[in-house]
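Notes for the one structure printed next.
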Amino acid sequence: MKLLVLLFKITLFPLYGLYYGIIFLRNYLYDSGISKSIRPKVYTINVGNLSLGGTGKTPHVEYLVRLLNKKYQMSTLSRGYGRQTKGFLVADNQANAQIIGDEPMQYYLKFAQEIKVVVCEDRVEGVNKIQTEFTDNKLVVLDDAFQHRKINPHLNLLLTEFDKPFFEDALVPFGRLRDIRQSARRADAVIVTKCPPQLSQNKRNDLEFGIKKYTDSQIPIFYSSIIYRSIVGYIPTSTFELNQQCVIVSAIAKPEKFVEYLKTQVPNIQKTIDFPDHYAFSRDDIEKLLKEFGTKIKFISTEKDMVKLKPLLSKTEQEKFFYVPIEVNIVGKSNFDDFILQAIQTY
């Protein structure tokens, strides 16, 4: 078996080398100024990573919205991954996950009265149109634009997961990195996400040593953990009884921690069903779930999946579905908040 794995890796090595070379050349062209990056007039904060996903960008974007929306007229700008539309769109009361994508839809459901939620594949075009259409907009949070080199954000926040920090990972197909480790030097701060509640100073030292091999030695490093809130019904009046039989349904990059948490809270989990990240659920999926598990089973999903599943369900079916909201806790919250606010004020 080990020999087969080795042979498989040897076969893939030319592909790895080609991909590495393309990324290295692309970054060189931008870093040397041959390819041009544009810094918008409106202040931009990017929340990004080097990996294929699973670092927790969405709750960190939400954290920034809560921190800043009372101080600034602001927008979020996402690609809108998985949507069935193209181009620049501003979320409104007709929006759904098919139109704007699951993560922007989650932002809209939470913050529609406070911010503009915008999607556009081209981040430069998106920011330019935000400035043109919303002249009072003072700040844009870019969701996942670290690899979008055409735009040069004022503040680049790089997220990396505690269990698999970027300096211990490898470029695809040998790992989960979509960008080379050296790209971390573009970060203005690093946030180590999904940390355990107790993080020793020795472990912090190890993480910071590994991170600062690839970043400016002076940049701040912050740590965050996931806070799971109480299980909530798709219908607000629904109540989840902890002894109920249930099935976990998710379509996120790394469902392991979500499942691990639920196993500590819910004793009667019958099955866990993992769909691909950003999976576009269909009515057929719903009918298969209901047919397979019958009327007594309850279903628990992530909040990101809720925005896609709920529109497919009848009101009676919605009574069987629940989700778990999450937020992030920043270790040394006041220091992080001050860092963000001072960076904006200095501009």
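The values are calculated or read from the model by the stated rules, or taken from the named source; none is laboratory data. Small disclaimer: the values here were computed from a predicted structure and weren't measured. Glycine also receives a Cβ, built like all others from the backbone with ideal geometry; neighbour counts cover every protein chain displayed.
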Among the numbered conditions (1) assigned to a loop (DSSP other than H, G, I, E, B); (2) within 17 Å of Arg178 (Cβ to Cβ), tell me where Gly21 comes up short. (1)
Residue list for the range 279-316, filter: within 13 Å of Pro255 (Cβ to Cβ) and either touching a Leu at 6+ places or on another chain (Cβ under 8 Å) or not charged (D, E, K, R) (or both): Tyr279, Ile300, Ser301, Thr302
Of the conditions (1) in contact with a helix residue (DSSP H, G or I) (Cβ under 9 Å, 6 or more places away or on another chain); (2) part of a strand (DSSP E or B); (3) buried (at least 17 other Cβ atoms within 10 Å of the Cβ), the single one that Ile227 does not satisfy is (3)
Of all residues in the range 23-55 being within 23 Å of the chain's Cα centre (by Cα) and at positive phi, the one that is surrounded by the fewest Cβ atoms within 10 Å (Cβ to Cβ): Gly53
Taking the range 72-88, which residues are crowded, with 17+ Cβ neighbours inside 10 Å and more than 19 Å from Thr135 (Cβ to Cβ)? Ser78, Arg79, Gly80, Gly82, Arg83
State all residues of the range 285-334 that are farther than 16 Å from Leu109 by Cβ and among the β-branched types (Val, Ile, Thr); if no residue qualifies, say none. Ile286, Thr295, Ile297, Ile300, Thr316, Val328, Ile330, Val331
Flag if Ile248 is among the β-branched types (Val, Ile, Thr), at pLDDT 95 or above and either in the same structural domain as Leu64 (by TED's automatic domain parsing) or closer than 30 Å to Leu52 by Cα (or both): yes
Looking at the range 78-94, is at least one residue in contact with a Phe, Trp or Tyr (Cβ under 8 Å, 6 or more places away or on another chain), aliphatic (A, V, I, L, M), without any contact (Cβ under 8 Å) to a residue 24 or more places away in the chain and closer than 20 Å to Val307 by Cα? no
Positions within the range 181-206 being in contact (Cβ under 8 Å) with a residue 12 or more places away in the chain, assigned to a helix (DSSP H, G or I) and surrounded by fewer than 16 Cβ atoms within 10 Å (Cβ to Cβ), in sequence order: Gln182, Arg185, Arg204
Being of a type in the set (Phe, Trp, Tyr) and under 26 Å from Gly101 (Cβ atoms), is that true of even one residue in the range 276-284? yes
Note on Phe209: of the conditions (1) more than 30 Å from Tyr16 (Cα to Cα); (2) assigned to a helix (DSSP H, G or I), unmet is (1)
Matching helices (runs of 4 or more DSSP H) fully within the range 239-347 where at least 3 residues are in contact with a helix residue (DSSP H, G or I) (Cβ under 7 Å, 6 or more places away or on another chain) and not β-branched (Val, Ile, Thr): 303-309
